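**Q** Input: one structure, supplied below.
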Amino acid sequence: MSQSPLSSRRGFLRTAIALVPAGTLAGCEVKPSSTTATAGSGESPSAARASGVDYKPTFFDAKEWAFIHAAVDRLIPADSEGPGALDAGVPEFIDRQMETPYAHGALWYMQGPFAQGVPELGYQLKLVPRDLYRLGIASVNAYSVKTYGHAFDALDAPTRDTVLGALENDRIELADVPANVFFAQLLQNTREGYFSDPIHGGNRDMGSWKMIGFPGARADFMDFVNQNGAAYPYGPVSIEGKRT
């Protein structure tokens with residue numbers, strides 16, 4: 001029996017949240033999310049959907065900021081069942097992550113030699129997340145201009161999907177970073193921003209938690225642990241104690 005759009009989308013996103021390792025947020029700077037600033041002159045048309053909170057990036061420049069909006073909008077688009085990455089504030093989450101020890105590689109072993117080994121050895125490059133974004137975005141924009149005549153954020157949605165699919169499957173040779181490595185970094189951070197506690201800048205209004213029925217940081221929900229399949233009857237609570 002085929003799944004309904006609701007169960008299919010929720011099922012996919014439950015799987016996605018299981019792929020977000022808790023340790024990836026160890027370097028997060030914990031402070032309330034910004035709610036007042038300007039979103040930057042390079043904001044793409046699709047970014048206007050995220051107008052609930054104005055945020056001025058501190059790491060990404062205008063072109064990079066436009067790319068981030070255009071990319072995460074296609075990785076988790078909004079639909080009738082729940083918010084997309086833009087509505088959830090994922091770009092703000094990613095930008096804020098770029099100023100953490102994690103993005104500077106402080107949590108990684110970064111001594112040479114650097115040589116790409118077998119996949120079982122994990123990440124082997126000398127590029128930290130900040131470098132992956134800066135070099136990767138520039139390379140994807142250069143590829144998009146050469147192939148389609150426009151930077152990535154100016155492409156229509158189907159073409160952006162085509163480019164992202166080619167990155168994921170390593171069918172594009174970028175100048176400074178492996179295509180699939182850059183895509184994996186972008187996808188991982190998009191998932192993290194979508195499902196993180198709002199204190200980190202993403203998951204605005206706990207929209208993703210509400211969609212999948214996640215209780216958030218409630219102190220006690222043991223009465224419902226063994227009620228398999230039953231919908232949780234209360235809304236989520238954030239680390240700061242906010243409720244919806």
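What follows is calculated from the coordinates using simple rules that are stated; it is not laboratory data. Since the model is a prediction, treat every value here as computed from it, not as a measurement. Cβ placement follows ideal geometry from the backbone for every residue including glycine, while neighbour counts extend to all protein chains displayed.
**Q** Which far-off residues, 5 or more places away or on another chain, put their amide H under 5 Å from the one on G82, with H placed in the peptide plane?
**A** So G82 has HN proximity to no qualifying residue.
**Q** Take E81 and L107, extend 7 Å from each Cα along the Cα→Cβ direction, and tell me the distance between the two endpoints in nm.
**A** 2.9
**Q** Check V237: other-chain or 5+ apart residues with amide H under 5 Å from its amide H, H built from backbone geometry?
**A** Here G216, A217, R218 satisfy the definition.
**Q** Let me ask another. Among the lysines, which have Cα under 30 Å from the Cα of K146 when same-chain residues fewer than 8 positions away are ignored?
**A** K56, K63, K126
**Q** What lysines could a cross-link reach from K210, if we take a straight Cα to Cα line under 25 Å and drop same-chain neighbours fewer than 8 places away?
**A** Within the straight-line limit of under 25 Å, K210 reaches these lysines: K31, K242.
**Q** Any chance you could run the full-extension gain for R243 through K210? It's 0.36 nm times the residue separation minus the Cα-Cα distance, nm to one decimal.
**A** Working: separation 33, 0.36 × 33 = 11.88 nm, distance 1.06 nm.
Result: 10.8 nm gained on full extension.
**Q** Looking at region 98-244 from every direction and averaging, what is the projected area of its Cα convex hull in nm²? Mind dumping the intermediate values first?
**A** Details: hull surface 49.1 nm².
Its average projected convex-hull area is 12.3 nm².
**Q** Under the 0.36 nm per residue contour assumption, what length would be gained going from the current alpha-carbon distance of N226 and D61 to full extension?
**A** On the way: separation 165, 0.36 × 165 = 59.40 nm, distance 4.80 nm.
Stretched fully, the N226-D61 segment lengthens by 54.6 nm.
**Q** Follow-up question, since we're still on this one. Would you mind ranking K146, K63 by Cβ crowding within 10 Å, fewest neighbours first? Don't skip to the end; give the middle numbers.
**A** Values: K146 8, K63 17.
Neighbour counts put them in this order, fewest first: K146, K63.
**Q** From the phi angles alone, apply the Karplus equation (6.51, -1.76, 1.60; θ = phi - 60°) to region 138-151 and give each ³J(HN,Hα) in whole Hz, x where the residue is Gly or Pro.
**A** 4, 5, 5, 5, 5, 5, 5, 5, 5, 8, 10, x, 9, 5
**Q** Now a separate question. Tell me, S196, S144 in order of fewest to most beta-carbon neighbours within 10 Å? Numbers along the way, then the final one.
**A** Working: S196 25, S144 21.
Lowest count first: S144, S196.
**Q** Here's another thing I want to ask about it. Using the 10 angstrom Cβ neighbour count as an exposure proxy, how do F214, F93, F182, F224 rank, fewest first? Intermediate results must be reported in sequence, preceding the final value.
**A** On the way: F214 18, F93 28, F182 24, F224 15.
In order of increasing Cβ crowding within 10 Å: F224, F214, F182, F93.
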